[in-house]
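Worksheet: one structure, shown below.
The values are calculated or read from the model by the stated rules, or taken from the named source; none is laboratory data. Fair warning: this is a prediction, and the values are worked out from it, not measured in the lab. So basically every Cβ, Gly included, is an ideal-geometry build from the backbone, and we count neighbours across all protein chains shown.
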Amino acid sequence: MGTIILAKQNLTSALIRLHETLQHCEDLQLMQNRQASLLMSNEELERTLRDSLIQRFEFCSDLFWKYLKRYEEETFNISLEIVAPRSVIMAACKAAIISEPDAEILLEMIKSRNFTSHIYKEETANEISAQIPQYYKIMQKYAEKL
């Protein structure tokens, strides 16, 4: 049972970091241009925070599906030969660990995560970063629930 506890601790820590970055992004939107420009231009600061948000998202999504896999294996005392995140999410949905609507969002999350690590375009980064708050909420929900 020790490995699942460590996996959950790692996931929880990573989600805390992701939440911090989400807060910073939200705070930046509320700041006046004058205040943000003390460090760098608003555009540079937004890009830096967005890129940090995406990196933390990548890390969290990887930890999430791996934790989900461990949870499935230890809870049901089975060994999953699955090594793909999509398959782990589908298996969790089939076992009623996660709901179908949440599974759909998590599958989109995996798709978004794959885009961030293989294709880097400004437009794609902006689209994905806009979805991260929703992905965060789902990961947080199951990190607390499981």
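Is there a residue in the stretch 105-119 that is under 27 Å from GLU43 (Cβ atoms) and not in a helix (DSSP H, G or I)? For the stretch 105-119, residues under 27 Å from GLU43 (Cβ atoms) and not in a helix (DSSP H, G or I): present. Of the listed requirements (1) within 13 Å of PHE64 (Cβ to Cβ); (2) in contact with a helix residue (DSSP H, G or I) (Cβ under 6 Å, 6 or more places away or on another chain), ILE97 misses just one: (2). In a residue-by-residue description of the stretch 82-102, the property of being out of contact with any Cys (no Cβ under 9 Å at 6 or more places or on another chain), closer than 26 Å to HIS24 by Cβ and either at pLDDT below 95 or part of a helix (DSSP H, G or I) (or both) applies to no position. Among the residues of this structure, LEU18 counts as one that is among the hydrophobic types (A, V, I, L, M, F, W, C), at pLDDT 85 or above and either in a loop (DSSP other than H, G, I, E, B) or within 14 Å of ALA143 (Cα to Cα) (or both).
Within the stretch 37-63, residues that are surrounded by fewer than 15 Cβ atoms within 10 Å (Cβ to Cβ) and in a helix (DSSP H, G or I) have Cβ atoms under 7 Å from residues that are hydrophobic (A, V, I, L, M, F, W, C) and at pLDDT 85 or above in no pair, counting only partners at least 6 apart in sequence or on another chain. Considering only residues in the stretch 103-114 that are modelled with pLDDT under 95 and either surrounded by 16 or more Cβ atoms within 10 Å (Cβ to Cβ) or under 11 Å from the mean Cα position of the chain (by Cα) (or both), the one that is nearest to ARG56 (Cα to Cα) turns out to be ARG113. Of the residues in the stretch 122-130, none is touching a His at 6+ places or on another chain (Cβ under 9 Å), crowded, with 18+ Cβ neighbours inside 10 Å and more than 18 Å from ILE4 (Cα to Cα).
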